[in-house]
Each structure stands twice: as C-alpha cells, then as structure tokens.
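> Below: one structure in structure tokens.
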Amino acid sequence: MPFENTRDKGTAQPYRSSAIRDGITFDHVEALWRFDRKLRLLCLDAIETVEIGLRSRLAYLLGQRDPLGHGHRDSLKQGLAVTSELPV
C-alpha cells in the first residue's frame, strides 16, 4: 500500500485520495492492470524489433567498411552515413 510522505508528521499514514470513485471494484482494477500489462508488453516488443533492425544495419555498415570493424575504434571515427544501398 502506498504511503504518503509524512516526514513532518513523524508517522507513515496510508495514502488516501479523493480521486478514487465510489463503485470501483477490484475487478475494475484488475482489468486495468491486465490492459496496462498487455500494452506495455506490446510496446516493448515493438521497441525490441526496432532495436534489432538498427543493430543489424549498423553491423552491415561496419562490415562493409571493415570486416573486423567491431573491434577497431577507428572504424567509427569516420561516422556512418545511411544510404539507400542498405538492405531492407
């Protein structure tokens, strides 16, 4: 249970909010929690897909420049220019 900041009062009191509406049941809270969890997992899955795509393109560009470019710092000093020659 969240506790409100009560440093000036000296004791911790459970957080009470007037924003909680009458008629809200645990089933409503659970449904919202499940929706939030599914949405979060979908977003993280999409982010992972983009991340893998970016890493693959970066590896492709470094590999074109130097097959062992991942181990040489000088390979990154020139910068990377994205061209239309990249595989999709």
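The values are calculated or read from the model by the stated rules, or taken from the named source; none is laboratory data. Just so you know, these numbers come straight off a predicted model, no measurement behind them. No Cβ is skipped: glycine too gets one built from the backbone with ideal geometry, and neighbour counts run over all protein chains shown.
> Please go through the stretch 16-39 and give me each residue that is assigned to a loop (DSSP other than H, G, I, E, B) and at negative phi, ordered by number.
The answer is ARG16, SER17, SER18, ALA19, ILE20, ARG21, ASP22, ILE24, THR25.
> Six or more apart or on different chains, Cβ atoms under 8 Å: show the pairs whose first residue is in the stretch 61-80 and of a type outside the set (D, E, K, R) and at pLDDT 75 or above and whose second is exposed (fewer than 10 other Cβ atoms within 10 Å of the Cβ) and not in a helix (DSSP H, G or I).
If the second residue must be exposed (fewer than 10 other Cβ atoms within 10 Å of the Cβ) and not in a helix (DSSP H, G or I), the pairs left are LEU61/VAL82.
> Can I ask one more? Could you go through the stretch 40-51 and let me know if any residue there is at pLDDT 85 or above, of a type in the set (Ser, Thr, Tyr) and part of a helix (DSSP H, G or I).
Checked against the condition, which is being at pLDDT 85 or above, of a type in the set (Ser, Thr, Tyr) and part of a helix (DSSP H, G or I), the stretch 40-51 yields at least one hit.
> Report yes if SER17 is touching a Lys or Arg at 6+ places or on another chain (Cβ under 7 Å) and at pLDDT below 85, otherwise no. Quick ask: steps written out before the conclusion?
Details: touching a Lys or Arg at 6+ places or on another chain (Cβ under 7 Å): no; at pLDDT below 85: yes.
Judged against the criteria, SER17 is not a match.
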